[in-house]
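Take a look at the structure below.
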Amino acid sequence: MGNILKIMIVPIMLLSFFSYNSLSVEANAKKTAFVNVSKGSSLNVRSGANSKSKKVGSLKDGLKLVVYSKTKNGWSEIRYKKKKGYVSTKYLMFANSYLKDISKVYWYETKGKKSKEVYIGKSYYGEDIWESDYETYAVHEDKNGLYIGIPDFYYIVDIEYPVKVGRKWRKGEQGEIKAQISAVNKTVITPAGTFKNCIEVKHNGRDTYYYAQNIGLVKSLLNGKLSSQLISLE
């Protein structure tokens with residue numbers, strides 16, 4: 001009789017355990033988010049998933065975060081100074097990132113010539129610095145967009161956020177380029193692979209650029225003809 005009770009109790013305990021956890025925490029999948037508070041304000045980071053937990057720090061508006069999980073009571077788990085912390089989910093804006101993967105070496109083919117792009121570190125202000133066969137440039141991202149330019153000096157908006165079909169903005173030093181997101185779910189095939197849910201950006205209604213989530217630029221067309229494409233990721 002004792003053995004029968006043990007056999008019955010164990011599955012019930014396991015079911016209760018998993019049921020409790022499914023109610024308290026959503027699926028554990030990393031997501032990109034940006035702090036979204038009013039200008040001049042900051043977002044408190046706490047040691048636990050409630051407003052009574054100890055405050056361990058604060059985050060400025062627009063800062064990019066990695067969210068590891070979200071609780072049902074409205075809190076998001078992050079990393080603050082390499083330790084686990086929690087912020088109120090309602091002050092986050094979740095979005096896809098189009099920054100390049102700093103752990104990869106990018107190989108492009110442009111007009112028949114191959115070139116390599118490598119991440120070489122952070123700038124003084126924290127931007128990602130990349131070195132190509134032609135130039136050194138920096139990129140960074142916040143809730144308003146993806147920026148590219150000269151490290152610690154000058155940047156233009158490469159993609160304006162939030163991403164949606166029809167969004168328009170100006171690019172270039174003098175705003176001479178009229179950029180517009182014309183699609184957000186394109187499948188793009190290059191020698192480096194097949195990339196789904198790419199965004200399509202038109203320049204002056206003529207040139208086309210494709211960006212993949214967490215990869216960055218994968219293909220470009222000038223006047224409808226292939227100009228550059230990603231051929232390898234190492």
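The residues of region 128-147 that are under 15 Å from the mean Cα position of the chain (by Cα), part of a strand (DSSP E or B) and of a type outside the set (D, E, K, R), listed by number, are Val139, His140, Gly145, Leu146, Tyr147.
Looking across region 184-201, just one residue is surrounded by 14 or more Cβ atoms within 10 Å (Cβ to Cβ) and either without any contact (Cβ under 8 Å) to a residue 12 or more places away in the chain or over 26 Å from Lys114 (Cα atoms) (or both), and that is Val184.
Please find, among Tyr108, Tyr125, Tyr155, the residue that is more than 14 Å from the chain's Cα centre (by Cα), loosely packed, with under 13 Cβ neighbours inside 10 Å and either not polar (S, T, N, Q) or not assigned by TED's automatic domain parsing to the domain that holds Val66 (or both). So the residue among Tyr108, Tyr125, Tyr155 that is more than 14 Å from the chain's Cα centre (by Cα), loosely packed, with under 13 Cβ neighbours inside 10 Å and either not polar (S, T, N, Q) or not assigned by TED's automatic domain parsing to the domain that holds Val66 (or both) is Tyr125.
Yes/no matrix, rows are residues, columns are (1) assigned by TED's automatic domain parsing to the domain that holds Thr32; (2) at positive phi; (3) at pLDDT 95 or above:
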| site | (1), (2), (3) |
| --- | --- |
| Gln174 | no, no, no |
| Ser182 | no, no, yes |
| Thr187 | no, no, yes |
| Asp207 | no, no, yes |
| Gly224 | no, yes, no |
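Taking (1) modelled with pLDDT of 95 or more; (2) out of contact with any Gly (no Cβ under 9 Å at 6 or more places or on another chain) in turn, Lys178 satisfies each apart from (2). Strands (runs of 3 or more DSSP E) fully within region 33-126 that include at least 3 residues being basic (Lys, Arg): 113-122. Evaluate the following for Tyr137: is it in the same structural domain as Gln213 (by TED's automatic domain parsing), surrounded by fewer than 13 Cβ atoms within 10 Å (Cβ to Cβ) and hydroxyl-bearing (Ser, Thr, Tyr)? No; evaluated as a whole, the condition is false for this residue.
The values are calculated or read from the model by the stated rules, or taken from the named source; none is laboratory data. The structure displayed is predicted, hence computed values, not measured ones. No Cβ is skipped: glycine too gets one built from the backbone with ideal geometry, and neighbour counts run over all protein chains shown.
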